[in-house]
1. Within region 57-65, can one find any residue that is among the charged types (D, E, K, R), closer than 17 Å to Arg163 by Cβ, surrounded by fewer than 24 Cβ atoms within 10 Å (Cβ to Cβ) and more than 15 Å from ligand 1 (Cβ to nearest atom)?
2. Under 7 Å between Cβ atoms, which residue pairs at least 6 apart in sequence (or on different chains) link something in region 153-165 that is touching a residue at least 24 places away in the same chain (Cβ under 8 Å) and acidic (Asp, Glu) with a partner that is open to solvent by 30 Å² or more (accessible area, probe 1.4 Å) and near ligand 1 (Cβ under 9 Å from one of its atoms)?
3. Anything in region 9-60 that is out of contact with any helix residue (DSSP H, G or I) (no Cβ under 6 Å at 6 or more places or on another chain) and polar (S, T, N, Q)? List them, or say none.
4. Among (1) of a type in the set (D, E, K, R); (2) open to solvent by 50 Å² or more (accessible area, probe 1.4 Å); (3) in contact (Cβ under 8 Å) with a residue 40 or more places away in the chain, which single condition is Arg111 missing?
5. Whether any residue in region 131-145 is open to solvent by less than 40 Å² (accessible area, probe 1.4 Å) and closer than 19 Å to Ala52 by Cβ is what I want to check.
6. State all residues of region 66-100 that are within 11 Å of ligand 1 (Cβ to nearest atom) and open to solvent by less than 10 Å² (accessible area, probe 1.4 Å); if no residue qualifies, say none.
7. Within region 144-171, which residues are farther than 17 Å from Arg73 by Cα and modelled with pLDDT under 95?
8. When you scan region 31-38, do you find a residue that is closer than 25 Å to Met122 by Cβ and open to solvent by 40 Å² or more (accessible area, probe 1.4 Å), even just one?
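The values are calculated or read from the model by the stated rules, or taken from the named source; none is laboratory data. Worth saying up front: this structure is predicted, and the values here are computed from it rather than measured. Please note: Cβ atoms are built from the backbone with ideal geometry, for glycine as well, and neighbour counts cover all protein chains shown. Heads up: the accessible areas ignore ligands, DNA and RNA and are worked out on the full protein's heavy atoms, side chains in. Shrake-Rupley method; radii C 1.70, N 1.55, O 1.52, S 1.80 Å.
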Amino acid sequence: MGRFSKAQVVWAPFRPCAAGEKAPYPRSLQTPEGLGDRLRFVAFAEKQAMEAFRLAAHHFPDASPLQCESWLRLADEEQKHLSWLLGRMEELGVDPGERPQSLALWNSFDRCETADQFAVFMSNAEERGRIAGEQFHETLKSTDPVTAEIFRKIAEEEVEHIRIAESALRS
Ligand SMILES: [Fe+2]
Ligand SMILES: [Fe+2]
């Protein structure tokens, strides 16, 4: 029904792909540009998660008060992850808007018709993000321990996000 794809979201400082435009393939992780591509991609995922939790808290009429409360809390947590990544990008001189970002994750939230469907869908997205974060940590820990530690900490916290989302589902 377009609950998400039709929402007016300010994506700055990121630049989403135009309709029909494909996001460019990430460059080699052995290069500063490739590291920048991963940071930008993960930061944009955090931005989408933050916006999705906020929107969901106000736009699923069947959501329980506890669910809405946990989503607003999770939105703040995703905002924190986003700020860690944007801070690191600034240190490394990575421009968030340099390359267009796919809105596929964001648009896929449209498939959720109920609050519980959104909660399950989001948990799965968080789990994928957690695994990717752990992999980036492993790959980067010898070459860029500072960035690697940010990915590790985010992955660790996503475990707690999944737990919060699941406990709100059972209530
Ligand atoms: Fe996150
Ligand atoms: Fe999360």
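1. Going residue by residue through region 57-65, those that are among the charged types (D, E, K, R) are 62.
Right, trim to closer than 17 Å to Arg163 by Cβ and you get none.
No: region 57-65 contains no residue that is among the charged types (D, E, K, R), closer than 17 Å to Arg163 by Cβ, surrounded by fewer than 24 Cβ atoms within 10 Å (Cβ to Cβ) and more than 15 Å from ligand 1 (Cβ to nearest atom).
2. As it stands, the answer is Glu157/Glu77; Glu158/Gly129; Glu158/Arg130, since those pairs meet every condition given.
3. Gln30, Thr31
4. So Arg111 meets the others, but not (3).
5. Yes, region 131-145 has at least one match.
6. Passing the criteria: Leu74, Ala75, Glu78, His81, Leu85.
7. Arg170
8. The first filter runs over region 31-38 and keeps only residues closer than 25 Å to Met122 by Cβ, leaving 37-38.
Those left that are additionally open to solvent by 40 Å² or more (accessible area, probe 1.4 Å): 38.
Yes: region 31-38 contains one or more residues that are closer than 25 Å to Met122 by Cβ and open to solvent by 40 Å² or more (accessible area, probe 1.4 Å).
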